[in-house]
1. For segment 95-116, how many residues are farther than 12 Å from L71 by Cα and assigned to a helix (DSSP H, G or I)?
2. Among the residues of segment 131-141, are any out of contact with any Phe, Trp or Tyr (no Cβ under 6 Å at 6 or more places or on another chain), open to solvent by 30 Å² or more (accessible area, probe 1.4 Å) and modelled with pLDDT of 95 or more?
3. Based on this model, can you work out whether K212 counts as at pLDDT 90 or above, of a type outside the set (D, E) and open to solvent by 80 Å² or more (accessible area, probe 1.4 Å)?
4. Checking the structure you have, find out if any residue of segment 40-60 is over 28 Å from L144 (Cβ atoms), part of a loop (DSSP other than H, G, I, E, B), open to solvent by 50 Å² or more (accessible area, probe 1.4 Å) and without any contact (Cβ under 8 Å) to a residue 40 or more places away in the chain.
5. In segment 71-89, which residues are more than 13 Å from the chain's Cα centre (by Cα), more than 17 Å from Q41 (Cβ to Cβ) and not hydroxyl-bearing (S, T, Y)?
6. Say we look at segment 1-16 and pick out the residues that are more than 14 Å from G53 (Cα to Cα) and in a helix (DSSP H, G or I); which of these is most open to solvent (accessible area, probe 1.4 Å)?
Amino acid sequence: EELAMTVTEADIFPKILYCLKDTDEQVRKNAANCIREIAKQSSDLANIIVHYGGPGAIVDYLNHTPGAFKLPGIMTLGFVAGFDESLAMAVIVSGGIPPLCEALSPGNEDHVKAAAAWSLGQIGRHSPQHAKPLCEKNVPATLLAVFISGESSEDLKNQAKRALKSIIRVCKEIDALIPLVNTAQPPITVSYTHLRAHETSLHLVCRLLLEKK
């Protein structure tokens, strides 16, 4: 952390964010790796990244970067979001959810998907206000599909499971949880009224979906 702070105090921001758009692929990759290493150290450093528009720059990087090169950007959003509610909301407002959802899509390598699942969990775990935009993007259903897929690696399954649990724990969007019950294998019989009765304790849904896996 001390080294990261020293680098930051040397006015690396916002200059390094411009490197994310460099024409040289290696420069872009190195810049993303550097920002990731700074972001994971402390909330103070994450706040500096947010102050200079880091999440938005990372989102743009993800939108224009293929395959495994996305990884440092994906991790950066997760590290920033994980520290506290305001930082997580900054990632949401900067448009961080769509590129993370895209990283979960077929065609990406499992370690990239696992990182995306972890980052989505870091964003959504703080409060109902953080979980809601994830539900609006159908993230819980996507995570469940990844979890139950026979093609997913064990690490990917574990990351998807943890992320889904953390989102469901604070989620108040009951309508978004109904499809999860319908998707589960084997099917789970739970009435809408039953879910409503547990609206303030959604651990029930999480247990029904995941703990028996």
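1. 4
2. Step one: list which residues in segment 131-141 are out of contact with any Phe, Trp or Tyr (no Cβ under 6 Å at 6 or more places or on another chain), which gives 131-141.
Narrowing the set further to residues that are open to solvent by 30 Å² or more (accessible area, probe 1.4 Å) leaves 132, 136-138.
Still in the list and also modelled with pLDDT of 95 or more: none.
Checking segment 131-141: not a single residue is out of contact with any Phe, Trp or Tyr (no Cβ under 6 Å at 6 or more places or on another chain), open to solvent by 30 Å² or more (accessible area, probe 1.4 Å) and modelled with pLDDT of 95 or more.
3. Details: at pLDDT 90 or above: no; of a type outside the set (D, E): yes; open to solvent by 80 Å² or more (accessible area, probe 1.4 Å): yes.
It is false that K212 is at pLDDT 90 or above, of a type outside the set (D, E) and open to solvent by 80 Å² or more (accessible area, probe 1.4 Å).
4. Looking through segment 40-60, at least one residue is over 28 Å from L144 (Cβ atoms), part of a loop (DSSP other than H, G, I, E, B), open to solvent by 50 Å² or more (accessible area, probe 1.4 Å) and without any contact (Cβ under 8 Å) to a residue 40 or more places away in the chain.
5. Selection gives E85 alone.
6. Taking segment 1-16 as the starting set, the residues that turn out to be more than 14 Å from G53 (Cα to Cα) are 1-11.
Going one step further and asking which of them are in a helix (DSSP H, G or I), we end up with 2-9.
Values: E2: 152, L3: 132, A4: 13, M5: 54, T6: 75, V7: 51, T8: 17, E9: 129 Å².
Among those residues, the one meeting the criterion is E2.
The values are calculated or read from the model by the stated rules, or taken from the named source; none is laboratory data. All of these numbers come straight from a predicted model, not from anything done at the bench. Note that each Cβ is placed from the backbone with ideal geometry, even for glycine, and that neighbours are counted across all protein chains shown. We work out accessible area using only protein heavy atoms, side chains counted, and drop any ligands, DNA or RNA first. Shrake-Rupley method; radii C 1.70, N 1.55, O 1.52, S 1.80 Å.
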